[in-house]
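What follows is a set of notes on a single structure, which appears directly below.
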Amino acid sequence: MRQPRAAVNRIVPAVVGASALLAGTLLVATGGPVAAHLPAWWPTVRPDGALLDPATLSGLRERGVGVLAGSVLASGLCALWCVGRFRAGVRTRLPLPVPDGALRIRALVGVLNSRAEAVTGIAGCHVRVRSARRRRLDVLLRVRLDADATPAAVLPAVDALVAEAQAAMTPYRLVTRVRFSARAHRSPHVR
């Protein structure tokens, strides 16, 4: 699954870059001192400086809805591809060293959430796991403490949880960050 996506992610920018380079070369080479040395079939810039002649321009205006729809479609596809690239670093499955073995990221997140919320003094926990390069996983634990709990009281249990997760994810290295937050005591209202 990763290899076709990686091939597409290399081929598409290469094709777009090559076409942009060709278009730029065409624009630069059609005018100035280089134009005299170009072959006869090479398009030239008209004396008024416009790239499109009036007949081609009026043809585009007649097909304006089609050209506009094509442009919107191409822009939408490029935007979807860009959004897909931002999510490309997030893998849903991690390959394990056993044959046909894989671990779902959601399963790891669910286990870490439930184990952290079982610790006394923790009111809630939100875990986020992102896969990074070279078998490294970035884990962010956002721990919401009970009103009477302190981070110093909860930290040993969280540290043991992270150590257990590291031992379970042996081929991968976990880089863990823990953020504590607490709900403030409500002050009584005086009327």
#### Entry: Flag if residue 46 is under 30 Å from residue 166 (Cβ atoms), surrounded by 10 or more Cβ atoms within 10 Å (Cβ to Cβ) and at pLDDT below 75
no
### Message
Pull out all pairs, ordered by first then second residue, where Cβ-Cβ is under 9 Å, the residues are six or more apart or on different chains, the first lies in segment 51-77 and is within 24 Å of residue 16 (Cα to Cα) and free of Cβ contacts under 8 Å to residues at least 60 places away in the same chain, and the second is of a type in the set (Ser, Thr, Tyr) and open to solvent by less than 60 Å² (accessible area, probe 1.4 Å).
### Response
51/30
### Task
Determine which member of the set 140, 174, 145, 155 is among the hydrophobic types (A, V, I, L, M, F, W, C), without any contact (Cβ under 8 Å) to a residue 40 or more places away in the chain and open to solvent by 60 Å² or more (accessible area, probe 1.4 Å).
155
### Query
In segment 83-175, which strands (runs of 3 or more DSSP E) lie fully inside it and hold 3 or more residues that are more than 30 Å from residue 9 (Cα to Cα)?
122-132, 136-145
### Query
Any idea how many residues of segment 15-33 are surrounded by 10 or more Cβ atoms within 10 Å (Cβ to Cβ) and either at pLDDT below 70 or in a loop (DSSP other than H, G, I, E, B) (or both)?
5
#### Entry: Residues (over 17 Å from residue 175 (Cα atoms) and surrounded by 14 or more Cβ atoms within 10 Å (Cβ to Cβ)) located in segment 96-109
96, 103
### Summary
For residue 112, the lone unmet condition from (1) on the phi > 0 side of the Ramachandran plot; (2) open to solvent by less than 100 Å² (accessible area, probe 1.4 Å) is (1)
### Task
Spot the failing condition for residue 131; the list is (1) out of contact with any Asp or Glu (no Cβ under 7 Å at 6 or more places or on another chain); (2) more than 13 Å from residue 174 (Cβ to Cβ), and only one is missed.
(2)
### Message
Pairs please, first residue from segment 110-127 and polar (S, T, N, Q), second anywhere and open to solvent by less than 40 Å² (accessible area, probe 1.4 Å), Cβ atoms under 6 Å, 6+ apart in sequence or on different chains.
### Response
113/125; 113/127
### Message
When you check residue 131 against the structure, is it in contact (Cβ under 8 Å) with a residue 40 or more places away in the chain and either surrounded by 11 or more Cβ atoms within 10 Å (Cβ to Cβ) or under 16 Å from residue 180 (Cα atoms) (or both), yes or no?
### Response
yes
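The values are calculated or read from the model by the stated rules, or taken from the named source; none is laboratory data. It should be emphasised that the depicted structure is a prediction, and the values quoted were computed from it without experimental measurement. All Cβ positions, even for glycine, are placed from backbone atoms using ideal geometry, and neighbour counts span all protein chains on display. To get the accessible areas, we keep the full protein, side chains included, count just its heavy atoms, and leave off ligands, DNA and RNA. Shrake-Rupley method; radii C 1.70, N 1.55, O 1.52, S 1.80 Å.
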